[in-house]
Amino acid sequence: VLDGALDAVPGQFVMVWLPGVDEKPFSLADANPVTLTIAAVGPFSSVLHGLAVGECVWVRGPLGKGYRLPEQPGLALLIGGGYGVAPLHFLAKRLLHTGRPVSMIIGARTAGQLLLVRSIAELGIHLWLATEDGSAGLRGLATDAIKPAIGEAPGGRPAMVYACGPTGMLQAVADRCASLGLTAQLSWEAHMRCGIGLCGSCEVGNGWLTCLDGPVFPFDPSNI
C-alpha cells in the first residue's frame, strides 16, 4: 500500500521501478490509495518484499485499457484465477459503488493459494471458491463453478462476465461464455517491458499490444 492515489479504472496497471534493479508491471488492486498485490516469485518481487515501511518505489501509470462498467443493469460475475484476483477486487468495489449486484468465483490450485478471499467476502459479495485439489470449495477449475454460480446467483443471469487469470483459464472462460451466450471482458497476461506500446514485447494475436490495446479485451459471442 503506497502513499497517494491515481485516477485509474479497474483493470489498468502500473509499471513499478526500483532504480538499479528493474521495472515490472502490476495490476492495481486499488487506486486510492495505490495498492498492489505482489507475490515474491522472482528477484524483483523479492527485493520489493524486502523494503521497509517508508522506503520509496517509483510508479508509472496508470497504463492500458481497463474494465468498462456494463451498459445494462444486472448481475456482474467476476472470475479470478491465481494472481488475477487482485484487479477484480478493485473492480468489485467499483461495481458495488454503482449499486450493481456482484458475484465472484475465485480459483487456485490449493486453498493456501486463494487470494483476498476474506477481503472480498467482507464486501458482501456472493462468493464461490474452486481449488484443483479440492482443499477448499468446489474441486476443479474456476470455470467449473460458472454454471453453479449462475444457477445460484441472487442477481440472476449475468449482464457481464469479468475475468482475469492465466491464459488457459481465460480461453476456457471465453468458450464457456460462448456456449452460454454471455458477454465478457477478459484481462490477458503478457510479458511487458515498456508498458506504452513501443517495444512490442507484449504482442498477442491480430497484432494487438496487451499494454496498449488491453490488457482488458471484450468478448462478445454474437461476433463469433
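Within segment 67-76, restricting attention to residues that are open to solvent by less than 60 Å² (accessible area, probe 1.4 Å) and modelled with pLDDT under 95, which residue is nearest to the chain's Cα centre (by Cα)?
So the first thing to find is which residues in segment 67-76 are open to solvent by less than 60 Å² (accessible area, probe 1.4 Å), and the list is 67, 70, 74-76.
Next, from what is left, pick out any that are modelled with pLDDT under 95: 70, 74-76.
Numbers: P70: 16, G74: 20, L75: 18, A76: 14 Å.
Of everything passing the filter in segment 67-76, A76 is nearest to the chain's Cα centre (by Cα).
In segment 102-122, what residues are part of a loop (DSSP other than H, G, I, E, B) and either open to solvent by less than 60 Å² (accessible area, probe 1.4 Å) or at positive phi (or both)?
Selection gives T110, L114, L115, L116.
Condition test on S135, is it closer than 22 Å to L28 by Cβ and either among the hydroxyl-bearing types (S, T, Y) or within 16 Å of the chain's Cα centre (by Cα) (or both)?
Spelling it out, it is not the case that S135 is closer than 22 Å to L28 by Cβ and either among the hydroxyl-bearing types (S, T, Y) or within 16 Å of the chain's Cα centre (by Cα) (or both).
Could you grab the pairs with beta carbons closer than 8 Å, sequence gap of 6+ or different chains, first residue in segment 176-196 and closer than 17 Å to R60 by Cα, second one of a type outside the set (S, T, N, Q) and surrounded by fewer than 16 Cβ atoms within 10 Å (Cβ to Cβ)?
Sorted first by the residue in segment 176-196, then by its partner, the pairs are R193/C199; G195/R60.
So L51 fits all but one of (1) without any contact (Cβ under 8 Å) to a residue 12 or more places away in the chain; (2) part of a strand (DSSP E or B); what number is the exception?
(2)
The values are calculated or read from the model by the stated rules, or taken from the named source; none is laboratory data. Worth saying up front: this structure is predicted, and the values here are computed from it rather than measured. Every residue, glycine as well, gets a Cβ built from its backbone with ideal geometry; the counts of neighbours run over all protein chains shown. Note: accessible area is taken over every heavy atom of the protein model, side chains too, but ligands, DNA and RNA are not part of it. Shrake-Rupley method; radii C 1.70, N 1.55, O 1.52, S 1.80 Å.
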